[in-house]
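The values are calculated or read from the model by the stated rules, or taken from the named source; none is laboratory data. The model shown is predicted, which means the values in this text are computed figures rather than measured ones. FYI the Cβ positions are ideal-geometry reconstructions off the backbone, even for glycines, and counts take in every protein chain you see.
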Amino acid sequence: MLEEPFTISSGNGFDYFNNIKKTGDYMNSIISICSLVFLVLVCSMTVVAQNSNPINVSPFTNFGRNALTSFTGENMLCVSTAIVSTYLISKLDIDYAVHRYFSDNIDQYDRYTTLALWGGYVAPLAVGGGIYLWGKYSEDPKIYSAGCAVLQAAGIAQLMVSVLKAFTGRPNPDPTTFTDMREASHLFRFGFLRGGLHYGWPSGHLAVNSAVITSLMTFYNKSVPMQVVGVACICYMIFGVSAHEGATMHWFSDVVAGTIIGSIIGVTVGNDFRDQMEDSIVRSSRTQLNITPKISSRFSGIQINIPI
């Protein structure tokens, strides 16, 4: 076992491209980039019709501010927790133990992980886009705002994860590439694009889906069913991504870090859109003109109430 929990591999940033055939990760990185571009295009289409929105927000509302808030101030403690958890899980060989367990029991668990894999790719856009369109065409400001929150949370999470993966370069636990999996669990290739954008630290599946789920849990914070279903979905994603194909998709610490980072983003975005929706409702109630007919033995007419 190595003395240090992390092994830092040196070299230039083009090592990744020079090893395309060996790693087989080139197409996966293209898919990840295309997914991000597609998400941005879907969100950008909403700007054209913003004037007809039931509430004056879009998936881009406060995008930069919420992205910055997710990684500054009090949230820095949570980001630090993600980093420290990776260090400890790797140092204590928990990464290696989880990989070995699911690898030895692949026939028992792998059949239950397919939904986590493909659902993790499709769900963020399907859920966010579906809620957004539902709210837009039903002219329900609450549902519409929730859809905007989900799309923004997914976009921020995908963007942040892609940046982190580009610079940390952590390889996935692939027994066909590494002969010593314990040593491989400590390896980070810090640099630029030295490990691709698909596999790596943190897990994009957990970051994006946790952001989506926690944005809904925060937006509908008084809904008990939403909290229960949300926690259940995150727990299943943790299991599914950790166990997929004998734990060859991500190290366990990737999954933990992705969950923490995604949850920070989801809570930040969910709170912001819920506050905007509630403020809009309050402003709307204050600007309503109330006209009430008044009839009595001494007076008949109308009473007009104009909020000031």
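A few comments on the model shown:
- Hits in region 63-76 - residues which are outside any helix (DSSP H, G or I) and crowded, with 18+ Cβ neighbours inside 10 Å: S70
- When T86, T113 are screened for being farther than 15 Å from F239 by Cβ and out of contact with any strand residue (DSSP E or B) (no Cβ under 6 Å at 6 or more places or on another chain), only T86 passes.
- Scanning region 82-111 for residues that are of a type in the set (S, T, Y) and out of contact with any helix residue (DSSP H, G or I) (no Cβ under 7 Å at 6 or more places or on another chain), we see that the one that is farthest from V161 (Cα to Cα) is Y101.
- Cross-chain or 6+ apart pairs with Cβ under 9 Å, region 200-225 first and polar (S, T, N, Q), then in a loop (DSSP other than H, G, I, E, B): S203/M249; S203/H250; S203/W251
Yes/no matrix, rows are residues, columns are (1) at pLDDT 90 or above; (2) of a type outside the set (K, R); (3) in contact with a strand residue (DSSP E or B) (Cβ under 8 Å, 6 or more places away or on another chain):
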residue	(1), (2), (3)
L164	yes, yes, no
F167	yes, yes, no
F188	yes, yes, yes
G191	no, yes, no
W201	yes, yes, yes
A207	yes, yes, no
A211	yes, yes, no
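- Test: D180 is under 21 Å from D93 (Cβ atoms) and either touching a residue at least 12 places away in the same chain (Cβ under 8 Å) or surrounded by fewer than 23 Cβ atoms within 10 Å (Cβ to Cβ) (or both): yes
- Checked against (1) free of Cβ contacts under 8 Å to residues at least 60 places away in the same chain; (2) surrounded by fewer than 18 Cβ atoms within 10 Å (Cβ to Cβ), D174 passes all but condition (1).
- The number of residues in region 223-274 being closer than 30 Å to S103 by Cβ, crowded, with 24+ Cβ neighbours inside 10 Å, of a type in the set (A, V, I, L, M, F, W, C) and within 16 Å of the chain's Cα centre (by Cα) comes to 6.
- Filter result (of a type in the set (A, V, I, L, M, F, W, C), within 25 Å of S85 (Cα to Cα) and part of a helix (DSSP H, G or I)) within region 249-279: F252, V255, V256, A257, I260, I261, I264, I265, V267, V269
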